[in-house]
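The values are calculated or read from the model by the stated rules, or taken from the named source; none is laboratory data. Since we're looking at a predicted model, the values are computed, not measured. A quick note on method: Cβ atoms are made from the backbone with ideal geometry, for glycine too, and the neighbour counts reach across all protein chains shown.
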């Protein structure tokens, strides 16, 4: 940490870099009102920047009367239920992809599945609900096309089963986690767990298009 020309400490020129191996899309139901609710028109896009306790927003608004589109700016104090500050606390940059009545669809990049779990848990502490829409690997070393999976298509029990299976390494060939151990972790019978996993796996596989580049050389 150096000292700049006005006597303040400056950030290092070469800060550490972290790989973000997953792109995550979350649907977040807000825990309270937002200034965006009171815009004169339909909000069809936003760009948000947070600075300490201030929210700076460029909002793209469509006038319902003549369909004209304008970009409007406002700044506001951060709300206690703002999900944006939670992303900041986790070192994540939120990209607002959809704005619906009382909810946001937000995209961000994270390092691993544990980072996803921690982020979702903390967002839930300030918002009414958050669901995982998709997780996509950012590794482009082999394929140039994404195969994304809509995790929200799984039931809550299926998502719970897959989450614990991933966390315990059930799908990892280098570990030796039995179905019985996983069932004990969740607190259900092995037959019930097997059924949940089979249905969840089928749901995921049905979403994968055989036209994707990742199937090249198969068949």
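For the reader, a short list of remarks on this structure follows.
- Residue within the stretch 172-190 that is in the same structural domain as residue 158 (by TED's automatic domain parsing), surrounded by 14 or more Cβ atoms within 10 Å (Cβ to Cβ), outside any loop (DSSP other than H, G, I, E, B) and modelled with pLDDT under 90 present: no
- Leading residue by the ranking (nearest to the chain's Cα centre (by Cα)) among those in the stretch 150-171 that are part of a loop (DSSP other than H, G, I, E, B) and surrounded by 15 or more Cβ atoms within 10 Å (Cβ to Cβ): 154
- Count of the stretch 33-67 residues which are surrounded by 13 or more Cβ atoms within 10 Å (Cβ to Cβ) and either on the phi < 0 side of the Ramachandran plot or assigned to a strand (DSSP E or B) (or both): 19
- Check on residue 83, at negative phi, touching a residue at least 40 places away in the same chain (Cβ under 8 Å) and within 10 Å of the chain's Cα centre (by Cα): no
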